[in-house]
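**Q** Below you will find the structure I want to go over with you.
Only the coordinates and a few stated rules stand behind these numbers; no lab work does. No experiment lies behind these values; they were computed from the predicted model shown. Counting neighbours? That spans all protein chains shown, and the Cβs are built from the backbone with ideal geometry, glycine included.
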Ligand code: FES
Ligand code: FES
């Protein structure tokens, strides 16, 4: 099976129904993608499939074949931050940080579709992403900052 | 020398040791506080240097020994060292890891778990020793949470100051100039003529000079780093997906394992059939572990799938299988034989509360459920066992327990068990338990030479968590002339300390003050005021959950107080202020009154509630306002004021408090662990949801600095939150919610 992750092509030999989450983490070593619940309840595993946010714990490997898969590490890097990551740093959103890769992937997908989201848009898009540490107030603020950063360019 | 320095010197002494091409500064811990002079009394192996500052040719490293489960503890510790060392945060590495073996020994590790073990040889210490241990254990429950700041406030700054002054002496030796005329800046000693010498250049010489003693710490008005917003050292990594957690650690050649143990926790595994699992792709081994079975595979998901394919027959639970029996046990505990403590007994409650006119009497019963910790990172640990040593990689808050328990399990000398603490994706108290490390070791012992990475499925994690205690309270009070006249609250719960420490082989004699924590110590001048703790029998195994006893008792105490105030016809905030005798506590109430504009009335369908709770020495007041919508209660705003002595980092402080309030409210409205047939009925977040973003209120936070004691803020925002919410719902709807989770009684949007 051929998978393209963060612009790199990989060949993997896995079951068709192995969740993309575990292909990425255990077979290919993309540890930025996190396991939280395995049942689409927390959003920690969120990646982009052709730009759309999906829960990788609920996406079969076979269904990701041929798609552009983007993980948090492909969204941007410490040296070349994506606007969402920059906003997350500015607001110091993270506490334990474990949910944040998923939060940022969700937020990036939201902003790609809705460049100037309302509070309700943000709540709607982000409410599937659980943060056990309760960083929601900062996530809200950071999404708005990211929207502003993106509109500048 | 100022007061601070004096206190600091009584409890520790900073020293230094030479390391490869450099120097390490830290403090000597000693075990005989009455002995004098300090260092002369140190016996071989009794003391060791705990390093905080390490300088060598490659740079400056600040060692932050307290664990970080997400509260920013590493950064706060580093800030305290850097403040006195005169380095900037961008110049240093922060290393939470195990100190280098060059100056590490086991006595040093005793610092991270300052207990006297209750094995037979030291039983002579008996009650006093054990109670000491209980106090210390209680104090350090949230290692890195509520104790990191108070514990390090003097020690860490002093370590930085000693290092700075000693580096000046080293510069004096080299240049022949007077250290008193030198200054320091950004990691350099500045000579009188302006020449700069980098600390890294002086390190080797600094190791040769006697560390400078008798130092006063800087006055807060001269702080450059503390009290200012700083970029957390882990924030870039955590904002780019590059922060590695325990679950991401994978040494070369590691295999992936998962376990299934009896969901009736502590029960036996009677039989299992793994024939189907063994033939599944990628499965290498199926091995028994205590109370269950483990699957070892080449991929986590394959291990999960195979584990689910095993047929297992489970034994009975060592506790009542149904919830009714748990509640009945609590209900039956309100009697003189089970009275555990009565630390608050002012006035004459028996006369005042039990001899009053019926019309003035208020009686109520409250309940709080078991709650899982459920940090977002599921339990995991990686262990490598060989014939001569064990390596453990895990996000644990109790590395010393892990080390000792694994030494016992494997028969390998405790010095050869190496625990490498990893970043935690949350804890809330869960990582004070060490089941996962023990199980990973059991598996690794059956696969010597191969690193075994054990990951729990979320379902295993939630159903095998040692939850927060279940608790019940009964209040009886009397109001008179528009005031609260008598307040009698009894609280029944099993002992968390006894359950938790029991698993480490300890016994807890005497009262467990967690049974009344968050209730008995409230600074209220109610004329007849009594708080009694009743010790219920052990039920399901329980453990410390963020704010421990106060997480239930803050709710009981302050909702009951609110009921009395309403019965008296008084204003909830005014009456609390009238009763409050402790000035810093009054100030937090006054702060939330102002922040929430308490004096103005909320609109129709809205309600505002206030609550107050002192826990871990921190007085916290919260006001919540809610709207009763046709779809249910909406939580609109929360205002929080907390007295912490000093706010070390205002950004981290605000984030921590906001998050803690959301954490508390989420559990209060929709979370519980219930048992049926001895098994937890909630196994994933759909049944244990907490707050989602759309439900999260706006939260305004203020940290007050009126008290001389510096306190940590990992937990104290939790206890008043549920009470303030219940009080607000009453104000909005007239319905009094006396049980958590509140969605058993009212809907939330
Ligand atoms: S791990 Fe995929 S949504 Fe939780
Ligand atoms: S920051 Fe810890 S779960 Fe979100």
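**Q** Taking the Cα atoms of segment B:492-554 alone, what are Rg (to one decimal) and Dmax (as a whole number) in Å?
**A** 12.8, 43
**Q** How large is the Kirkwood hydrodynamic radius of chain B, counting all unique pairs of alpha carbons, in Å? Display every interim value, and only then the final one.
**A** Numbers: mean 1/r = 0.0364 Å⁻¹.
Answer for chain B: a Kirkwood hydrodynamic radius of 27.5 Å.
**Q** Hey, another quick one. Average partner chain C-beta neighbours within 10 Å, per residue of B:426-435?
**A** For this peptide, the per-residue mean of nearby foreign Cβ atoms is 1.
**Q** Limiting things to C-alpha atoms, what are the Rg and the maximum Cα-Cα separation (Dmax) for segment B:703-749, in angstroms?
**A** Taking only Cα atoms of segment B:703-749, I get Rg and Dmax of 15.0, 43 Å.
**Q** Quick one: pull the percentage of alpha-carbon pairs in segment B:601-740 with a separation above 23 Å.
**A** Working: 3770 of 9730 pairs.
Value for segment B:601-740: 39 percent of Cα pairs lie more than 23 Å apart.
**Q** Step by step: find N for segment B:505-609, compute 2.2 N^0.38 Å, then divide the Cα radius of gyration by it. What's the final number? Present the calculation step by step, with values, prior to reporting the outcome.
**A** Values: Rg = 17.1 Å, N = 105, 2.2 N^0.38 = 12.9 Å.
Compared with the compact-globule rule of thumb, segment B:505-609 sits at 1.33.
**Q** Using only alpha carbon positions, build the gyration tensor of segment A:83-151, then give the equivalent ellipsoid semi-axes as the square roots of 5 times its eigenvalues, largest first, whole angstrom. Don't skip to the end; give the middle numbers.
**A** Details: eigenvalues 58, 34, 19 Å².
That gives 17, 13, 10 Å for the three semi-axes.
**Q** What is the percent of Cα-Cα separations in segment B:599-663 that go past 20 Å? Don't skip to the end; give the middle numbers.
**A** On the way: 802 of 2080 pairs.
That fraction is 39 percent.
**Q** What do you get for Rg/Rh over segment B:285-400 if you use C-alpha atoms and the Kirkwood form of Rh? Before the final figure, lay out each step's value.
**A** Values: Rg = 25.0 Å, Rh = 21.1 Å.
Ratio of gyration radius to Kirkwood radius for segment B:285-400: 1.19.
**Q** Let me ask something else. Any chance you could list P(r) for segment B:377-514, counting all Cα-Cα pairs in 10 angstrom bins from zero, rounded to whole %?
**A** 11, 33, 26, 14, 8, 5, 3, 0
**Q** How would you rank A:144, A:2, A:34, going from fewest to most other Cβ atoms within 10 Å of each one's own Cβ? Walk me through the numbers before you get to the answer.
**A** On the way: A:144 18, A:2 10, A:34 29.
Neighbour counts put them in this order, fewest first: A:2, A:144, A:34.
**Q** With the Cα gyration tensor of chain A in hand, give its eigenvalues times 5 under a square root as the equivalent ellipsoid semi-axes, listed largest first in whole angstrom. If you can, show how the numbers build up before the last one.
**A** Numbers: eigenvalues 133, 51, 37 Å².
Those come to 26, 16, 14 Å.
**Q** Could you calculate, for segment A:2-75, the ratio of the Cα radius of gyration to the Kirkwood radius, expressed as Rg to Rh? If you can, show how the numbers build up before the last one.
**A** On the way: Rg = 10.6 Å, Rh = 11.8 Å.
Rounded to two decimals, Rg over Rh is 0.90.
**Q** Sorted by mean Cβ packing within 10 Å, highest first, what order do the peptides B:58-64, B:207-213, B:683-689 take?
**A** Values: B:58-64: 21.7, B:207-213: 16.0, B:683-689: 19.0.
Answer by packing, highest mean first, reads B:58-64, B:683-689, B:207-213.
**Q** With N denoting the number of residues in segment B:187-324, provide Rg(C-alpha) divided by 2.2 N^0.38 Å, to two decimal places.
**A** On the way: Rg = 28.4 Å, N = 138, 2.2 N^0.38 = 14.3 Å.
This ratio for segment B:187-324 stands at 1.98.
**Q** Turning to a different aspect of this structure: In the Gaussian network model of chain A, springs joining C-alpha atoms below 10 Å, which of A:104, A:18, A:126 carries the largest mean-square fluctuation?
**A** In this elastic network of chain A, the residue with the biggest mean-square fluctuation among A:104, A:18, A:126 is A:18.
**Q** Oh, and also: If I histogram all Cα-Cα distances within the protein assembly as shown using bins 10 Å wide from 0, what percent of pairs lands in each bin?
**A** 2, 12, 21, 25, 21, 13, 5, 1, 0
**Q** Take the Cα atoms of segment B:665-744, find their three principal axes, and give me the spread along each one in whole Å, biggest first.
**A** Sorted from largest, the Cα extents of segment B:665-744 read 51, 32, 25 Å.
**Q** Follow-up question, since we're still on this one. Write down the percent of antiparallel bridges among all DSSP beta bridges whose residues are both part of the protein assembly as shown, to the nearest 5.
**A** Numbers: 106 of 138 bridges.
Once the DSSP bridges in the protein assembly as shown are tallied, antiparallel ones form about 75 percent.
**Q** To the nearest Å, what is the center-to-center distance of segment B:677-749 and segment A:56-115, using C-alpha atoms only?
**A** That distance is 29 Å.
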